[in-house]
1. Take the residues in region 83-104 that are outside any helix (DSSP H, G or I) and not charged (D, E, K, R); name whichever of them is nearest to residue 146 (Cα to Cα).
2. Being assigned to a loop (DSSP other than H, G, I, E, B) and under 30 Å from residue 20 (Cβ atoms) narrows it down to one of 76, 80, 62, so name that one.
3. Under 9 Å between Cβ atoms, which residue pairs at least 6 apart in sequence (or on different chains) link something in region 113-128 that is in contact (Cβ under 8 Å) with a residue 40 or more places away in the chain and farther than 20 Å from residue 56 by Cβ with a partner that is of a type in the set (Gly, Ala, Ser) and surrounded by fewer than 19 Cβ atoms within 10 Å (Cβ to Cβ)?
4. Just to be sure before I move on: is residue 134 outside any loop (DSSP other than H, G, I, E, B), under 19 Å from residue 65 (Cβ atoms), of a type outside the set (S, T, N, Q) and modelled with pLDDT of 95 or more in the structure I sent?
5. Could you grab me the full set of residues in region 139-154 that are more than 16 Å from the chain's Cα centre (by Cα) and either surrounded by fewer than 17 Cβ atoms within 10 Å (Cβ to Cβ) or more than 27 Å from residue 69 (Cβ to Cβ) (or both)?
6. Please go through region 83-94 and give me each residue that is surrounded by 13 or more Cβ atoms within 10 Å (Cβ to Cβ) and either among the β-branched types (Val, Ile, Thr) or free of Cβ contacts under 8 Å to residues at least 40 places away in the same chain (or both), ordered by number.
7. In region 114-131, what residues are assigned to a loop (DSSP other than H, G, I, E, B) and crowded, with 16+ Cβ neighbours inside 10 Å?
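The values are calculated or read from the model by the stated rules, or taken from the named source; none is laboratory data. Because the structure is a prediction, the values reported are computed rather than measured. Cβ atoms come from the backbone with ideal geometry, glycine included; neighbour counts cover every protein chain shown.
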Amino acid sequence: MRIYSKTGDKGKTSLLGGKRVPKYHLRIEAYGTVDELIAYIGLIRDQQISELLKNELIWVQDRLMVCASWLAADCDDCQDNLPKLFEEDITGLEKGIDRMDLELPPLQSFVLPGGHTTVSYTHIARNVCRRAERHVIKLYEESEFPELVIRYLNRLSDYLFVLSRKLSKDLHIHEVKWQPKK
């Protein structure tokens, strides 16, 4: 299989099911942003973090690939063959959040991103996740796919925020709390 097909040279691409749409189509924006998020999570995995977190992030990437599959599918019959997202995927994120949160001091104010490259990558991933969520919500208004995709992205952004705080703690980075100047 060649990596180039030349079928997109005129600005259109195919969805699962064969329908061709412009590359700026909302469906492409949605799953393209999820794909961008998958790459950023890979970047976090490449950092000096615990094996537990690396394995958890591999699981997150897998679940995001499932989300992207649903977003890329525009057909009546192909959805039966797509991988599934489960309620347990969301509760898995919540368990990860709760586990990490037990190690962290209570949050008293907003935290300014930064302090270490790994922490910054995690904040970038959180922001890309929020952008993906916005695209997916807009797409959901006109297309059918499991609502779990929206819920997963929402919970994942929470997970990534808590992960950024956990990594700050693990890396002995002082969190800079936002204190507005008056």
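1. The extreme case among them is 85.
2. One residue alone meets the criteria, 76.
3. Listed by first residue and then by second, the contacts come to 113/120; 114/120.
4. Taking the combined requirement at face value, the residue does not satisfy it.
5. Matches in region 139-154: 140, 141, 142, 143, 144.
6. Scanning region 83-94 gives 90, 92.
7. 115, 116
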